[in-house]
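This report refers to the structure that appears directly beneath it.
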Amino acid sequence: MWYEELARTNQSILKTGSYNNIPRVAVFNENGTWRYFLEKRWAEDENVLIAIMMNLSKAAHNQTDRTVDQMIEVAITRGCNALNVVNVSSIIDGSSGNLKNAHFAFEKINWKFVSEAMTNANIIFLGWGAKGQQG
């Protein structure tokens, strides 16, 4: 998959796991404080929904959160077989209130994942908002 090659060429850490029997993949920086990419895949077809959101939560290859669960429901409703999640800020912090403007500065590796995910998606969902707000 494209994200495996991108992780390898950028010396990023690719981790796999599952949660509720859905295989998951996540790509992190070397110390695990930034996540560049998250995939939840329930079927092998290439029909993928990408969610581009502001900042990421603690969802990973082995855990989920309400936002990711909501996006899985959106992807399934739209007939997709996988959800890819990328964020404007790749810093792992579930609260946007903790992030400063500098945390949203251009970060080359993160934007490689955002760009490639958009290229490989069938549907692109842009999301941001207040805590607990539904997309």
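Observations on the model:
- Residue match in the stretch 105-122 (condition: more than 21 Å from W2 (Cα to Cα), modelled with pLDDT under 85 and more than 13 Å from the chain's Cα centre (by Cα)): yes
- Condition check for R78: closer than 18 Å to F113 by Cα, touching a residue at least 24 places away in the same chain (Cβ under 8 Å) and either surrounded by fewer than 21 Cβ atoms within 10 Å (Cβ to Cβ) or of a type in the set (K, R) (or both): no
- Output for the stretch 44-58, where each listed residue is closer than 18 Å to L126 by Cβ and either out of contact with any strand residue (DSSP E or B) (no Cβ under 6 Å at 6 or more places or on another chain) or at pLDDT 90 or above (or both): V48, L49, I50, A51, I52, S57
- Any hit, the stretch 95-102, residues being at pLDDT 85 or above and more than 16 Å from L14 (Cα to Cα): no
- Number of positions in the stretch 30-67 that are under 15 Å from Y3 (Cβ atoms) and open to solvent by 40 Å² or more (accessible area, probe 1.4 Å): 2
- Some residue of the stretch 20-27 being over 16 Å from A121 (Cα atoms) and not in a strand (DSSP E or B): yes
The values are calculated or read from the model by the stated rules, or taken from the named source; none is laboratory data. This one's a predicted model, so the numbers in the text were calculated from it and none came from an experiment. Cβ coordinates were reconstructed from backbone atoms using ideal geometry, including for glycine residues, and neighbour counts include every protein chain displayed. In case anyone asks, the SASA skips ligands and DNA or RNA and just uses the protein heavy atoms, side chains included. Shrake-Rupley method; radii C 1.70, N 1.55, O 1.52, S 1.80 Å.
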